[in-house]
Amino acid sequence: MKPKKTILDIALMKQSGEKISILTAYDYPFAQLMDQAGIDVILVGDSVATVFSGHENTLPVTMDEMIYHTRPVVRAAKHALVVADMPFMSYQIDLADARRNAGRLIKEAGAQAVKLEGGQNIAATIAAITEIDIPVMAHIGLTPQSIHRMGGFKVQGRQDAQAAQLMADAKAVEAAGAFAVVLEGIPAHLAAQVTAALSIPTIGIGAGAGCDGQVLVIHDILGLCDKYSPKFVKRFADVQQIISDGIGEYISEVKSGAFPTAEHSFK
Ligand code: KIV
């Protein structure tokens, strides 16, 4: 049986040049399917707010909701490393609050690491959490929790000053002790430069092929969410139609009396 992945395995993958595969999950069945398929890391993303709960952005999700969604994923993940997102306002107030909330995701939900958004501005928080032995995945570039500052979901790092800030952010989160960093919504050439400059793995989402790994939202790659589909999403399967057809057939068989038959009834 394959052993459970740790952050050390993820570090070794950068060194050996093996690309790191990451998907999001928020429940047991999806986590089990991706774990059995051999995914390296499962991220319980705060994207749960949009693709699962139907909110407009990730800001409303709470700590209790993140814990609720992380628990079944942890139960399903026999091999994959499980990383849980720290929701908006669970780490921004002060270091004690950030440590307490990171600790809840490890102790109450069973995650192996936490992810939080921000670069230089959040480096002290990353250091405070890693100091108490909780591994941190950082997240820079287009950070969805900063939607109001960015004025929407906009590609970051196109201007020279923004690109320099992004490189500074990447170096700051590495120095603070992050074991990996998500690069979201930045030009591919900049992501490749950051990847070359860091010794920790970079995980791209809308950041081109030059990263050490890739992450996408499971609902996006399966075509389960047609509300909004960014350019960087590739649809690897279209299950929406299959699900709609199945539900439609059920409804019509109930209405017509074709279901249930003797086969689905007790004597
Ligand atoms: O919440 C999320 O799903 C993320 C991603 C990096 C996909 O943060």
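The values are calculated or read from the model by the stated rules, or taken from the named source; none is laboratory data. Here the structure is a predicted model, which means the values were calculated and not measured. Because the Cβ atoms are built from the backbone with ideal geometry, glycine has one as well, and the counts that use them run over all protein chains shown. Just the protein is used for accessible areas: all its heavy atoms, side chains included, with ligands, DNA and RNA removed. Shrake-Rupley method; radii C 1.70, N 1.55, O 1.52, S 1.80 Å.
Highest GNM mean-square fluctuation among LYS171, LYS234, LYS14, for the chain modelled with Cα contacts below 10 Å: LYS234.
Annotation: ILE243 carries an accessible surface of approximately 80 Å², with a 1.4 Å probe and no ligand, DNA or RNA atoms counted. Computed over the chain with a Gaussian network model linking Cα atoms closer than 10 Å, the most mobile of ALA98, ALA191, ALA31 is ALA98.
Once R0 is set to 35 Å, what does the formula 1/(1 + (r/R0)^6) return for the Cβ-Cβ distance between ASP94 and GLN15, expressed as a FRET efficiency to the nearest 0.05?
Values: r = 36 Å, r/R0 = 1.02.
Between ASP94 and GLN15 the formula returns 0.45.
In terms of packing, defined here as the mean over residues of other Cβ atoms within 10 angstrom, the peptides 69-75, 202-208 line up highest first as 202-208, 69-75.
For LYS4, the aspartates and glutamates whose Cα comes closer than 16 Å to its Cα, not counting residues fewer than 8 places off in the same chain, are ASP35, ASP40.
Extension gain, GLN165 to HIS148: 0.36 nm times the residue separation minus the Cα-Cα distance gives 4.2 nm. The tail of the calculated P(r) for the chain beyond 32 Å holds 24 percent of all Cα-Cα pairs.
Summary of the geometry: the stretch 97-152 and the stretch 22-86, compared by the centres of their Cα atoms, lie 15 Å apart. Placing a label point 7 Å from the Cα of SER53 along the Cα-to-Cβ direction, the residues of the stretch 12-44 with a backbone N closer than 15 Å are 26-27, 44.
Think of it as helices only: each DSSP H run of n ≥ 4 in the chain is worth -39500 (n - 2.57), and spread over all residues that comes to -12500 deg cm²/dmol at 222 nm.
Compared with the dominant Cα axis of the chain, that is its longest principal axis, helix 95-107 is turned about 40°.
Remark: the chain carries 50 Å² of accessible area per residue (probe radius 1.4 Å; ligands, DNA and RNA excluded).
Taking all protein chains together, ASP27, ASP94 sort by accessible area into ASP94, ASP27, largest first [probe 1.4 Å].
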